[in-house]
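Read through the structure below, which is laid out as structure tokens, and then see the notes.
Rule-based calculations on the coordinates, nothing more; no lab input. Remember, it's a predicted structure, so these values are computed and weren't measured experimentally. Note that each Cβ is placed from the backbone with ideal geometry, even for glycine, and that neighbours are counted across all protein chains shown.
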Amino acid sequence: MREQIEAHLGRPLPDAWEEPFSQAYWALIDAELQPVAGVREVLRRLPVPFCVASNGSHEKITRELTVTGLMPLFEDCVFSADDVGVPKPDPALYLYAAKQMGAVPAASAVVDDSAFGIEAARRAGMRSYGYAGSVTPAERLQGPGTTVFSDMAELLRLLGFPES
């Protein structure tokens with residue numbers, strides 16, 4: 001993250017930048033983070049097991065799921081890149097999550113809003129669904145074996161499940 005911020009600013013960050021940034025980041029998350037519109041309903045109606053597999057730490061994932069009220073839907077099925085020691089776009093996290101969930105990678109689907117996550121899904125041999133209703137533009141999610149969508153209400157249909 002430091003490299004990206006410095007590139008955006010065009011100058012190095014001071015050595016002590018992380019603590020004030022972290023405090024401001026978590027204050028903003030706690031005050032304003034909301035679940036993606038429609039995701040709660042989709043997850044409640046999804047007829048197959050699902051999990052979170054994130055590059056974030058377990059602490060970050062748990063806090064964000066708690067703030068959004070989604071944590072009860074993910075009890076005992078949260079996986080972090082910390083679990084495998086490498087972040088996406090390496091496929092190890094998705095392969096690890098599939099194994100822990102008792103799923104076959106080729107029969108699994110990944111929904112991700114990042115180019116790294118979509119690349120990791122492809123590399124893991126999983127179907128990928130790029131959610132373009134967030135921060136990553138649709139064109140950065142497109143590619144082989146990937147369905148790009150921007151309305152979470154479409155997900156059940158895209159996955160081949162009845163919507164009602």
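Once the chain from Lys60 to Ala16 is taken as fully extended at 0.36 nm per residue, the excess over their C-alpha distance is 13.8 nm. Angle check, please: helix 92-101 long axis (alpha carbons) against the longest principal axis of the chain (alpha carbons), in degrees 0 to 90, nearest 10. With both axes taken from Cα atoms, the answer is about 50 degrees. Taking Cα centre as origin and charging only the Cβ of basic (Lys, Arg, +1) and acidic (Asp, Glu, -1) residues, the dipole magnitude of the chain rounds to 600 debye. Its Cα gyration tensor gives the chain an equivalent ellipsoid; the semi-axes, largest first and in whole Å, are 27, 19, 17.
Counting Lys +1, Arg +1, Asp -1, Glu -1, what net charge surrounds Gly143 among other residues with beta carbon under 15 Å of its beta carbon? Summing Lys/Arg as +1 and Asp/Glu as -1 gives +1. Cβ crowding within 10 Å ranks Lys88, Lys60, Lys99 as Lys99, Lys60, Lys88, fewest other Cβ atoms first.
In the stretch 90-158, the ratio of gyration radius to Kirkwood radius, Rg to Rh, stands at 0.96 when only Cα atoms are counted. The distance from the alpha carbon centre of the stretch 45-113 to that of the stretch 1-32 is 25 Å, rounded to a whole number. Dipole orientation for the chain: of the candidates Tyr96, Ile5, Val84, Tyr96 has the Cα lying most toward the positive pole (charges on Cβ; Lys, Arg +1; Asp, Glu -1). Working from label points 7 Å from Cα in the Cα-to-Cβ sense, the Trp26 to His8 distance is 2.1 nm.
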